Structures are given as C-alpha cells and as structure tokens.
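The values are calculated or read from the model by the stated rules, or taken from the named source; none is laboratory data. Predicted, not measured: the structure shown is a model, and the values here were computed from it. Cβ coordinates were reconstructed from backbone atoms using ideal geometry, including for glycine residues, and neighbour counts include every protein chain displayed. Quick note on the areas: whole protein, heavy atoms, side chains included, nothing else; ligands and nucleic acids left out. Shrake-Rupley method; radii C 1.70, N 1.55, O 1.52, S 1.80 Å.
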Amino acid sequence: MTPDQRQQLSQEMQVAIDEAQQVLDAARRFHADHGLAPENARTFLESQMSPEDIAQVHAEVDAKMQEIERDARFNASPSSGKPSQRLHRHQSMI
C-alpha cells in the first residue's frame, strides 16, 4: 500500500468513525429525552414492536454484521485494490 493509499484509507476511516460517533450521540440524546437507561433500550424498543418486526430487525442486523465482517476481511487483504474502492459505506441499522 502506498503512502497516498494509506492516507486515503485513514481519511475514509475517520469519516466512518465520525459518522458512528454521531449515531451514538443521537442514541444517547434519545435515551436522555425519553428517560431511558441505555441498558433498557432494547426492552423498550421491543415492547413497541410486533414479534414479526423483532424477527425482521434481528435478521437485518445479522445480515449487516456479516456484510461488515466480509468488508473488513476484504479491506484487510493486501490485494483488495484502492482504499476508495474497498471501503463500503454502511447504512444505519436504526
């Protein structure tokens, strides 16, 4: 990997980290606004959903986690191409 590729990858990773931090901050605000302890968020959300919706969310999260793991393995391989081609932007699961 060239220095330019490392720099590009570093910048893309920082953008992903910043976006993840924004999502975490929004979740913390949601918890605070609704008087929820973060450890009770799952119970609260599931109480608002049907069993079918819960199953669908679990399936979507599992699929997204598998995609992230595949991307991470691919991005870690030395022959996977340019950083901008490798980094896959993930959509919010919430």
Largest-first principal axis extents, alpha carbons of region 1-76, Å: 50, 27, 14
Rounded to the nearest 10 Å², the accessible area of Arg73 at probe 1.4 Å: 150
Debye, to nearest 20: dipole size of region 23-71, +1 on Lys, Arg Cβ, -1 on Asp, Glu Cβ: 200
